[in-house]
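Taking it in order: structure first as structure tokens, then the write-up.
The values are calculated or read from the model by the stated rules, or taken from the named source; none is laboratory data. Quantities reported herein were computed from a predicted structural model and do not represent experimental measurements. Glycine gets a Cβ as well: all are built from the backbone with ideal geometry, and neighbour counts include every protein chain shown.
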């Protein structure tokens, strides 16, 4: 499937937004926090065209970035044709402290948002910026407003007054666009391909892929697994592909046996050969327009059995849908690709999705050999990983990120 | 002239996507709140109406109260109307049918089997891939309605009134993964145009 282009008029959009930004600022200064993603970069480019040096670009280093990301982003944005002067604001300790021992997904996201705006607001006050330009897009405010999950960049839509709380007025030039439309604008603005075509990376970064409590060794495992997944899936991973790290902690749950029976029946494999684990970590999902912070189950069958049937991906996709339909508590079904040391503390899940606008998403049929190669490399590089899984769940009932 | 098709925002995840698809297909469109009255709609001037999905449960009192105004709209409006997901359930319930907890809820990919390729589902048969996200379903259609489509787990995926241009669908034609979604909206816009020109 290829992403369809709409009859969206980028030229008219750019012209009207530049005029509007200039008019709203009326000679005042504005601040923007850029991440190197297409949304914030497109907004920065629009604002820069509108007001030039009255725009202050900062990159907040939250500590939840990928390897070497702050430096790379700064270099890319400073270059021609964007030529955006970027200042890096270091705030790793502050974010880590705010997240603390929280293991609940929403608590983590809210602590992140709070710290993000406090940091931004301090810089804005120091620099006398009374406006904040922000790259919020449609799914951000739709999901926050609908109570599915707290996006880090949504305030006004849920009744928080940024003027009162943080001292700036928010301008959101692309709030009614979806990702594919933002890319059309980015290409029109001649933003480098590395950015205009870059896969999305969440505002709270790796925080929402470090499922449950953040611990240094767990976070390190995630940071190591991320480039491995990105490297192998660069051309085959769909619109978004990443690694998430989970605790290898299994719950004794009454649904375990019925799930095992269900898997056995639908894959036609003896139930003694099917292993179902129910993890202690939970994951964010969406069912019938409602948030469900649900259970995660992992399914494994012996490799010889799987080989008899080939990859089994279509069967597994149906299985996922069946399991979640009948078991309302669950929002994620993972398929175990390879096991490492059984008692190692963490699991890694690989996720790859196909979508246009990130409102619905399907899983990508990655060749089995590629998944196996990723799993082997992760297990080799990260000795504290017990299992490497592939996430079989579409959106709905899952969301794209785990938290 | 562009037809004006307004979208009642029922607070679901995909309501804004309805606006996007209608605009892309050449209609004038805007989101209007759940509390909008028929007088207000007439004042804006509209040729057709789409009511989106939402998190409500139509057989629960709180939800029914929240949707009370939309229910009134359904009864007072005579222009082409397309109801999606929870609005489809509300339409059925409001006009004397029944909605209940689905035996097997559908989340994500399903196959819709078309029973009747009438004007709204023209060009979509015999079956197509659609995406759904619902805990409840219509179990009895109101009198004067007929079924247009079903799926393996949901008996009434689409229905229409025999007496007026009113349609209900349980799946989401507005999301990208529904393969014939655009066709359904094109058909609806065509119905709106014909209705507006008095044919």
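Worth a mention:
- In summary, helices (runs of 4 or more DSSP H) completely within the stretch A:116-232 and bearing 2 or more residues that are touching a residue at least 60 places away in the same chain (Cβ under 8 Å) and closer than 30 Å to residue A:296 by Cβ occur at A:138-145, A:179-188.
- If you go through the stretch B:37-58 and keep only what is surrounded by 14 or more Cβ atoms within 10 Å (Cβ to Cβ) and in contact with a strand residue (DSSP E or B) (Cβ under 7 Å, 6 or more places away or on another chain), you end up with B:41, B:46, B:47, B:48, B:49, B:50, B:51, B:52, B:53, B:55, B:57, B:58.
- In the set (1) part of a helix (DSSP H, G or I); (2) touching a helix residue (DSSP H, G or I) at 6+ places or on another chain (Cβ under 7 Å); (3) surrounded by 21 or more Cβ atoms within 10 Å (Cβ to Cβ), the condition left unmet by residue A:243 is number (1).
- With respect to (1) more than 23 Å from residue A:215 (Cα to Cα); (2) away from every other protein chain (no Cβ under 12 Å); (3) in contact with a strand residue (DSSP E or B) (Cβ under 7 Å, 6 or more places away or on another chain), the lone exception for residue A:361 is condition (2).
- Any chance residue A:144 is under 16 Å from the mean Cα position of the chain (by Cα) and surrounded by 17 or more Cβ atoms within 10 Å (Cβ to Cβ): yes
- Residue in the stretch B:18-30 that is within 13 Å of chain A (Cβ to nearest Cβ), in contact (Cβ under 8 Å) with a residue 24 or more places away in the chain, in a strand (DSSP E or B) and surrounded by fewer than 15 Cβ atoms within 10 Å (Cβ to Cβ) present: yes
- Identity of the residue in the stretch B:53-95, out of contact with any helix residue (DSSP H, G or I) (no Cβ under 8 Å at 6 or more places or on another chain) and within 16 Å of residue B:164 (Cα to Cα), that ends up farthest from the other protein chains (Cβ to nearest Cβ): B:78
- Residue in the stretch B:158-169 that is out of contact with any helix residue (DSSP H, G or I) (no Cβ under 7 Å at 6 or more places or on another chain), surrounded by fewer than 21 Cβ atoms within 10 Å (Cβ to Cβ) and within 14 Å of another protein chain (Cβ to nearest Cβ) present: no
- The requirement of being buried (at least 18 other Cβ atoms within 10 Å of the Cβ), within 14 Å of chain A (Cβ to nearest Cβ) and either in contact with a strand residue (DSSP E or B) (Cβ under 9 Å, 6 or more places away or on another chain) or in contact (Cβ under 8 Å) with a residue 12 or more places away in the chain (or both) is fulfilled somewhere in the stretch B:110-127, by at least one residue.
- Restricting attention to the stretch A:347-358, the residues that are in contact with a strand residue (DSSP E or B) (Cβ under 8 Å, 6 or more places away or on another chain) and either at the interface with chain B (Cβ under 9 Å from one of its Cβ atoms) or modelled with pLDDT under 95 (or both) add up to 2.
- Checking B:137, B:106, B:190, B:174 one by one, the residue that is in contact (Cβ under 8 Å) with a residue 24 or more places away in the chain and away from chain A (no Cβ under 14 Å) is B:190 and no other.
- Test: residue in the stretch A:94-104 that is on the phi > 0 side of the Ramachandran plot and exposed (fewer than 14 other Cβ atoms within 10 Å of the Cβ): yes
- Test for residue A:375: is it in contact with a strand residue (DSSP E or B) (Cβ under 7 Å, 6 or more places away or on another chain), within 25 Å of residue B:106 (Cβ to Cβ), more than 14 Å from every other protein chain (Cβ to nearest Cβ) and in contact (Cβ under 8 Å) with a residue 12 or more places away in the chain: no
- Count of the stretch B:120-140 residues which are more than 14 Å from the chain's Cα centre (by Cα) and in a loop (DSSP other than H, G, I, E, B): 5
- Against the list (1) within 24 Å of the chain's Cα centre (by Cα); (2) farther than 21 Å from residue A:186 by Cα, the condition residue A:167 fails is (1).
- Check on residue A:259, in contact with a strand residue (DSSP E or B) (Cβ under 6 Å, 6 or more places away or on another chain), more than 14 Å from every other protein chain (Cβ to nearest Cβ) and touching a residue at least 12 places away in the same chain (Cβ under 8 Å): yes
- In the stretch A:293-346, residue nearest to the chain's Cα centre (by Cα) [restricted to those that are surrounded by 18 or more Cβ atoms within 10 Å (Cβ to Cβ) and facing chain B (nearest Cβ under 10 Å)]: A:331
Each row is one residue, and each column tells you yes or no for (1) within 15 Å of residue A:134 (Cα to Cα); (2) modelled with pLDDT of 95 or more; (3) crowded, with 24+ Cβ neighbours inside 10 Å; (4) more than 14 Å from chain B (Cβ to nearest Cβ).
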site	(1), (2), (3), (4)
A:4	no, no, no, no
A:9	no, no, no, no
A:14	no, yes, no, yes
A:25	yes, yes, no, yes
A:50	yes, yes, no, yes
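- Condition met for residue A:308 (farther than 17 Å from residue A:247 by Cβ and at pLDDT 95 or above): no
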